[in-house]
1. Quick one: in the range 94-108, of everything that is hydrophobic (A, V, I, L, M, F, W, C) and more than 16 Å from the chain's Cα centre (by Cα), which residue is surrounded by the fewest Cβ atoms within 10 Å (Cβ to Cβ)?
2. Which of (1) over 13 Å from the mean Cα position of the chain (by Cα); (2) open to solvent by 60 Å² or more (accessible area, probe 1.4 Å); (3) at pLDDT 85 or above is the odd one out, the single condition Leu79 does not satisfy?
3. From Gly80, Gly34, which residue is without any contact (Cβ under 8 Å) to a residue 40 or more places away in the chain and either touching a Leu at 6+ places or on another chain (Cβ under 9 Å) or over 19 Å from Ser123 (Cα atoms) (or both)?
4. Mind counting the residues in the range 1-30 that are assigned to a strand (DSSP E or B), crowded, with 17+ Cβ neighbours inside 10 Å and modelled with pLDDT under 90?
5. Of Leu70, Leu91, which residue is part of a strand (DSSP E or B), surrounded by 13 or more Cβ atoms within 10 Å (Cβ to Cβ) and out of contact with any Ser or Thr (no Cβ under 6 Å at 6 or more places or on another chain)?
6. Of the residues that make up the range 31-51, is at least one hydroxyl-bearing (Ser, Thr, Tyr) and surrounded by fewer than 17 Cβ atoms within 10 Å (Cβ to Cβ)?
7. Considering only the range 52-67, how many residues are open to solvent by less than 90 Å² (accessible area, probe 1.4 Å) and at positive phi?
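The values are calculated or read from the model by the stated rules, or taken from the named source; none is laboratory data. Just so it is clear, the model here is predicted, and its values are computed rather than measured. Every residue, glycine among them, receives a Cβ derived from its backbone with ideal geometry; neighbour counts consider all protein chains shown. Heavy atoms of the whole protein, side chains included, go into the accessibility calculation; ligands, DNA and RNA do not. Shrake-Rupley method; radii C 1.70, N 1.55, O 1.52, S 1.80 Å.
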Amino acid sequence: MRTRLSGGGSHIDLDMIGVAGAYQFNDQWAGFGGVPRTKISTLNAKATTFGLGVSDEIASLIKFNSIASLEYARTKADLGGGSASLNTVRLGVPLPFGQATGKVPLNSVADSILNPTHSALPSTVLSAF
């Protein structure tokens, strides 16, 4: 995915590439993971996020289709000489309206890759946080 932000005669290119997947262990449990990498060309900056998690079908407990998920995510950013990292643990229980939910939760790194937005900027932010 490529996004170009421009204004005042200059521009910034954001390039994002990622790989993600999910595996259904049985009717109740699934695993998912993803790794997106974003590069900001004119600022010599890049960010890489790694996310790995599991989801559990909890429809029998709460009487409608939903999953509970737990994910570990690590983001490392190199900002033209300096670097920073962020570790997060994400716990989610979505309350769906309409059809059944998928096995990859909306708040996961894998979902930000498998169902990207129309721009590299929000996709990068959603995968990192």
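1. If we take residues in the range 94-108 being hydrophobic (A, V, I, L, M, F, W, C) and more than 16 Å from the chain's Cα centre (by Cα), then Phe97 is surrounded by the fewest Cβ atoms within 10 Å (Cβ to Cβ).
2. That leaves (3) as the condition not met.
3. Going through Gly80, Gly34 in turn, just one is without any contact (Cβ under 8 Å) to a residue 40 or more places away in the chain and either touching a Leu at 6+ places or on another chain (Cβ under 9 Å) or over 19 Å from Ser123 (Cα atoms) (or both): Gly80.
4. Within the range 1-30, residues that are assigned to a strand (DSSP E or B), crowded, with 17+ Cβ neighbours inside 10 Å and modelled with pLDDT under 90 number 3.
5. Leu70
6. Yes, that holds for at least one residue.
7. Adding up the residues that qualify gives 0.
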